[in-house]
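Report on one structure; see the data block that follows.
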Amino acid sequence: MTTQELASSQENMSDTTPTTAPKADLDWPNLGFGLHKADFSIRHTWKDGSWDLGVLSPDENIPINIAATCLHYGQACFEGLKAFETKSGDVVVFRIEQNAKRMINSCEKILMEPVPEEMFIDSVFRVINANRRFVPPYGTGACLYIRPLVIGSAPQVGVKPAGEYVFLVLVTPVGPYFKTGFKPVDLIVVEDIDRAAPLGVGDAKVGGNYAAGMRATLRAKEQGFTEVLYLDAREKKFIDESGPANFFAITKDNQYITPASSSILASITNKSLMILARDMGLEAKRRPIGVDEIFDFAEAGCCGTAAVITPIGSITYRDRKVTYCPDGKSGPISAKLYDRLRAIQVGDEPDVHDWVRVVPE
Ligand code: PLP
Ligand code: COI
């Protein structure tokens, strides 16, 4: 798609809800992390060597060939980012170009046609504009969750790339990923199920990684835990990440540490927190973190777009349990990081790192 075509695609919005429509009638402060039907999604097709201009559609279904590679061979990857309303009424997104770049990496890893960065950003903006009434009002704590997806859409019965792809973006207003919000969660270390292998696709946001983790998460929930903590698949000695989020810890000498591993997703939230931690005067390090170190941390947390920062209240490892938040509240450094991140994301604090983009109407 050329820049000129992109511009004309932005003009072609007459069939959508006006961006000034009154807000949807939702219980904004009490939204969970669920799917609420919005007005429009956008879909593009890659065929015969190029992406089309994309169409906004109110239809929540897509026609798909029963032998499409996404259905049989898992040729599918996605992204997750959030849009917020600011105090002045703008709608802003956080580090969108990082999501665009990561989706290119995910597509390349499973041999799908990558979505160019400019097209990714333009499509996300078009979908947000078509669904402005679902952007939660400033101050409610909710936001618009944006879910871009690429799938192999052409039929193949042999195991090979589809050769035709659909890029779509759907949105839904959401509250916190973990029901408890910014309250501590309880994790269990899982040793008999791996989410990803060191040379596999754990660092790509491909659908199969999440299917691979469902068994472990379900079992953890049945045992009364909130989520799992995965270890490195080769040696089971080092912390990898949680099911839907990266892991970080604050050491007793005030370092922000987070695992170095080839099989975890490169979290944009985590990278941002490392920078914010340094701004606060902490040392921030990415390094292999031995699972035995959990008994020495001052604080620990999960971080991600959906999870934001979710403090970890306890980790159970074999027959031992370590607790970090004896009074049921987050530790002070995690709380400070959370406040700074949220304040930047919703435009309450100056965007000194140039992370926030206003969505042009
Ligand atoms: N790890 C996994 C497995 C995830 O699904 C996510 C969510 O995107 C993250 C980490 C956090 O990444 P980000 O902060 O970019 O959302
Ligand atoms: C996100 O944080 O955006 C994710 O994609 C995690 C997902 C499992 C909800």
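Where a number appears in this text, it was derived from the coordinates with a stated rule and is not lab data. Note that the structure is a prediction, hence the values are computed from the model and not measured. Glycine also receives a Cβ, built like all others from the backbone with ideal geometry; neighbour counts cover every protein chain displayed.
The table below gives the values:
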| quantity | calculated |
| --- | --- |
| Dipole-positive endmost among Ser57, Ala211, Ile239 within the chain (Cβ charges, Cα centre) | Ile239 |
| Most positive-pole-ward Cα, Ile294, Gly281, Thr305, against dipole of segment 185-345 from beta carbon charges | Thr305 |
| Entries in Lys101/Lys179; Lys179/Lys271; Lys252/Lys321; Lys47/Lys205 that, when Cα-Cα distance is taken, lie over 28 Å | Lys101/Lys179 |
| Within segment 53-113: Cβ-based charge dipole about Cα centre, in debye rounded to nearest 20 (Lys, Arg +1; Asp, Glu -1) | 280 |
| Cα gyration tensor, segment 3-174 - rounded (a/c under 1.5), prolate or oblate | prolate |
| Expected-Rg normalisation [2.2 N^0.38 Å, Cα atoms] applied to the chain | 1.00 |
| Qualifying trypsin sites (Lys or Arg not before Pro) in segment 76-174, DSSP loop, other Cβ atoms within 10 Å at most 10 | Lys87 |
| 10 Å-binned pair-distance histogram of segment 185-345 (Cα, whole percent) | 11, 44, 36, 9, 0 |
| Positive dipole terminus of the chain, leading residue within Ile66, His44, Val91 (C-beta point charges) | Ile66 |
| Test item: Cα-centred dipole of the chain, Lys/Arg +1 and Asp/Glu -1 on Cβ, debye | 760 |
| Pairwise centroid distance, computed over Cα atoms, of segment 288-329 with segment 93-117, Å | 30 |
| Within a Gaussian network of the chain (alpha carbon springs, distance under 10 Å), most fluctuating of Ser50, Ser242, Ser263 | Ser50 |
| Debye, to nearest 20: dipole size of segment 3-174, +1 on Lys, Arg Cβ, -1 on Asp, Glu Cβ | 500 |
| Principal-axis tilt of helix 268-279 within the chain, Cα atoms, nearest 10 degrees | 50 |
| Sorted by Cβ neighbour density within 10 Å, fewest at the top, the residues Thr19, Thr217, Thr226, Thr310 | Thr19, Thr217, Thr226, Thr310 |
